[in-house]
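Asker: Here it is, the structure in full.
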Amino acid sequence: MHLHYLSAVVLAGFACAHPLAARDAHGTEESIMSSSAQSPTPTKSANACKGTGSGGSGVNMAAAIAAIMPSSTSCDKVDFPDECRTAEQAAPFIEKACADLKPAECAATIALMGLESADLKYKHNVVPGTPGQGTANMMMAEFIAEYATDLFGADKVQGKSPDEVLALVTPDEYNFGSAAWFLKNKCSADVRSSLQTGTDEGWLAYNECIRVNGANVERMAYWTRAKAAFNL
């Protein structure tokens, strides 16, 4: 059985209402979002994203997230209100996670988080409810355990159930850092170099690293919005 990083849609009807949170661990994907959805246009900000990471883009992070994730402007009528975050709420944590990433890397991790969390609505896998799978980019339990160990040390992780380990990293300051952590720790230098170009080829290479098909219509729709939001 292959070790998969992300989940796949297993119940088509549920997936329409609960996009990527309704995935299993087998890597099969279905169309779950209209690529024609309207999204806000990000604005430039002299104070946003400074430095050598996402700072090169000069985008307003909250506006960029909202542009990439069309439904992230509200948490009204969501299934898990305690897990949902708006673009405005998530922005400072994602900006911190992107501090040492290049603009295209930041854009790609945001696109991934948007897709996997249904625009920041979920912090855990809903269907089939895979134990320990979660954070904004829906990492599988083995990677959650590695991430938590890096953050807190092995003593804080050992002996805990997968869901207990997941609970360690779902607070916002960790939840929104997991995609950047995976990119930096699990993707090769060649993958990162390719992704830093901001091209579709780089996006596909990144998706190969996380063991999914980056050419999937919904994945490409998120990436297309991310490129526009970050002026790539």
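Asker: Tell me yes or no: at least one residue of segment 168-177 is touching a residue at least 40 places away in the same chain (Cβ under 8 Å) and among the hydroxyl-bearing types (S, T, Y).
Answerer: Restricting attention to segment 168-177, the residues satisfying the condition of being touching a residue at least 40 places away in the same chain (Cβ under 8 Å) are 170, 172-173, 175-177.
Next, from what is left, pick out any that are among the hydroxyl-bearing types (S, T, Y): 170.
Yes, some residue in segment 168-177 is touching a residue at least 40 places away in the same chain (Cβ under 8 Å) and among the hydroxyl-bearing types (S, T, Y).
Asker: Considering A136, A107, which residue is free of Cβ contacts under 8 Å to residues at least 60 places away in the same chain and crowded, with 21+ Cβ neighbours inside 10 Å?
Answerer: Details: A107 fails: free of Cβ contacts under 8 Å to residues at least 60 places away in the same chain.
Criteria check complete, one pass: A136.
Asker: If you don't mind, another one. Can you tell me which condition N231 does not meet? The list is (1) surrounded by 17 or more Cβ atoms within 10 Å (Cβ to Cβ); (2) over 15 Å from the mean Cα position of the chain (by Cα); (3) over 27 Å from P81 (Cα atoms); (4) not aromatic (F, W, Y), and all the others hold.
Answerer: Of the numbered conditions (1) surrounded by 17 or more Cβ atoms within 10 Å (Cβ to Cβ); (2) over 15 Å from the mean Cα position of the chain (by Cα); (3) over 27 Å from P81 (Cα atoms); (4) not aromatic (F, W, Y), the odd one out for N231 is (1).
Asker: Separate question: Return yes when P131 is farther than 16 Å from S178 by Cα and not β-branched (V, I, T) and no when it is not.
Answerer: Values: farther than 16 Å from S178 by Cα: yes; not β-branched (V, I, T): yes.
In short, yes.
Asker: Within segment 144-151, is even one residue within 16 Å of C98 (Cα to Cα), surrounded by 15 or more Cβ atoms within 10 Å (Cβ to Cβ) and not polar (S, T, N, Q)? Before the answer, list the steps.
Answerer: First pass over segment 144-151, keeping only residues within 16 Å of C98 (Cα to Cα): none.
Looking through segment 144-151, none of the residues is within 16 Å of C98 (Cα to Cα), surrounded by 15 or more Cβ atoms within 10 Å (Cβ to Cβ) and not polar (S, T, N, Q).
Asker: Only residues that are surrounded by 21 or more Cβ atoms within 10 Å (Cβ to Cβ) and assigned to a helix (DSSP H, G or I): list them for segment 92-104, please.
Answerer: Narrowing segment 92-104 to residues surrounded by 21 or more Cβ atoms within 10 Å (Cβ to Cβ): 94-95, 97-98, 101-104.
Passing the criteria: I94, E95, A97, P103, A104.
Asker: Picking from G198, G202, which residue would you name as being assigned to a helix (DSSP H, G or I), surrounded by 16 or more Cβ atoms within 10 Å (Cβ to Cβ), touching a helix residue (DSSP H, G or I) at 6+ places or on another chain (Cβ under 9 Å) and in contact (Cβ under 8 Å) with a residue 60 or more places away in the chain?
Answerer: Numbers: G198 fails: assigned to a helix (DSSP H, G or I).
Matching residue, one of G198, G202: G202.
Asker: Within segment 182-194, how many residues are assigned to a helix (DSSP H, G or I) and out of contact with any Ser or Thr (no Cβ under 9 Å at 6 or more places or on another chain)?
Answerer: Here is the first cut: in segment 182-194, the residues assigned to a helix (DSSP H, G or I) are 182-186, 189-194.
Retained after the next criterion (residues that are out of contact with any Ser or Thr (no Cβ under 9 Å at 6 or more places or on another chain)): 184-186, 189-194.
Final tally of qualifying residues: 9.
Asker: Next question. Kindly evaluate R211 against the criterion of being modelled with pLDDT of 95 or more and either part of a helix (DSSP H, G or I) or under 29 Å from T86 (Cβ atoms) (or both). Spell out the reasoning first.
Answerer: Numbers: modelled with pLDDT of 95 or more: yes; either part of a helix (DSSP H, G or I) or under 29 Å from T86 (Cβ atoms) (or both): no.
Considered against the rule, which asks whether it is modelled with pLDDT of 95 or more and either part of a helix (DSSP H, G or I) or under 29 Å from T86 (Cβ atoms) (or both), R211 comes out as no.
Asker: Given the residues E30, E116, which is the only one that is out of contact with any Pro (no Cβ under 6 Å at 6 or more places or on another chain) and modelled with pLDDT of 95 or more? Let's see the steps before the verdict.
Answerer: Working: E30 fails: modelled with pLDDT of 95 or more.
Exactly one residue qualifies, and that residue is E116.
Asker: Taking segment 124-164, which residues are under 21 Å from the mean Cα position of the chain (by Cα), among the small types (G, A, S) and assigned to a loop (DSSP other than H, G, I, E, B)?
Answerer: The answer is G129, G132, A136.
Asker: May I ask you to say which residue of A179, A189, A167 is surrounded by fewer than 21 Cβ atoms within 10 Å (Cβ to Cβ) and either closer than 16 Å to A141 by Cβ or in contact with a Leu (Cβ under 8 Å, 6 or more places away or on another chain) (or both)?
Answerer: Numbers: A179 fails: surrounded by fewer than 21 Cβ atoms within 10 Å (Cβ to Cβ); A189 fails: either closer than 16 Å to A141 by Cβ or in contact with a Leu (Cβ under 8 Å, 6 or more places away or on another chain) (or both).
The conditions single out A167.
Asker: Does E218 satisfy the condition of being without any contact (Cβ under 8 Å) to a residue 12 or more places away in the chain and in contact with a helix residue (DSSP H, G or I) (Cβ under 9 Å, 6 or more places away or on another chain)? Explain how you work it out, then say what you get.
Answerer: Numbers: without any contact (Cβ under 8 Å) to a residue 12 or more places away in the chain: no; in contact with a helix residue (DSSP H, G or I) (Cβ under 9 Å, 6 or more places away or on another chain): yes.
Spelling it out, it is not the case that E218 is without any contact (Cβ under 8 Å) to a residue 12 or more places away in the chain and in contact with a helix residue (DSSP H, G or I) (Cβ under 9 Å, 6 or more places away or on another chain).
The values are calculated or read from the model by the stated rules, or taken from the named source; none is laboratory data. This is a predicted model, so every value here is computed, not measured. Every residue, glycine as well, gets a Cβ built from its backbone with ideal geometry; the counts of neighbours run over all protein chains shown.
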